[in-house]
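Accompanying notes for the structure given below.
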Amino acid sequence: MKPSIGDLGPQKSKATRSDSIAPERRPAKAGYSPKFVFSVTGPLALGRHVVVGDFEGYVHLLSREDGSFAARIRTDSSGILAPAIALDATSFLVQTRSGGVYAFAIQ
């Protein structure tokens, strides 16, 4: 007969990766200030590139072929709010947490 979960007795909890990260660098939780969250937005595939924004307000263009960095563009220091939006095959739009709206064209 196989033991059920209740038969195993008390279990020790293992430390998770977020337990070892300083509180100001832990993933966001409800009510947690996004100021200290280190992350990037969801990706936007645009031509030969993938576009992501980060918490410092940078927009990164990565090569779809090998993931190498193709470009890095600074907006403002408030961070990128959401994934970039494609305007056409070579241009996209991003919005920052402070309300800035930036349009970029890939040449």
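The values are calculated or read from the model by the stated rules, or taken from the named source; none is laboratory data. In this text the structure is predicted, and so the values were computed from the model without any measurement. Here the Cβ is made from the backbone with ideal geometry for all residues, glycine too, and neighbour counts use every protein chain on show.
Within segment 76-87, which residues are modelled with pLDDT of 95 or more and over 15 Å from Pro43 (Cβ atoms)? Of everything in segment 76-87, just one residue is modelled with pLDDT of 95 or more and over 15 Å from Pro43 (Cβ atoms), namely Leu87. Scanning segment 65-89 for residues that are assigned to a loop (DSSP other than H, G, I, E, B) and surrounded by 14 or more Cβ atoms within 10 Å (Cβ to Cβ) turns up Thr75, Asp76, Ser78, Gly79, Leu81, Pro83, Ala84.
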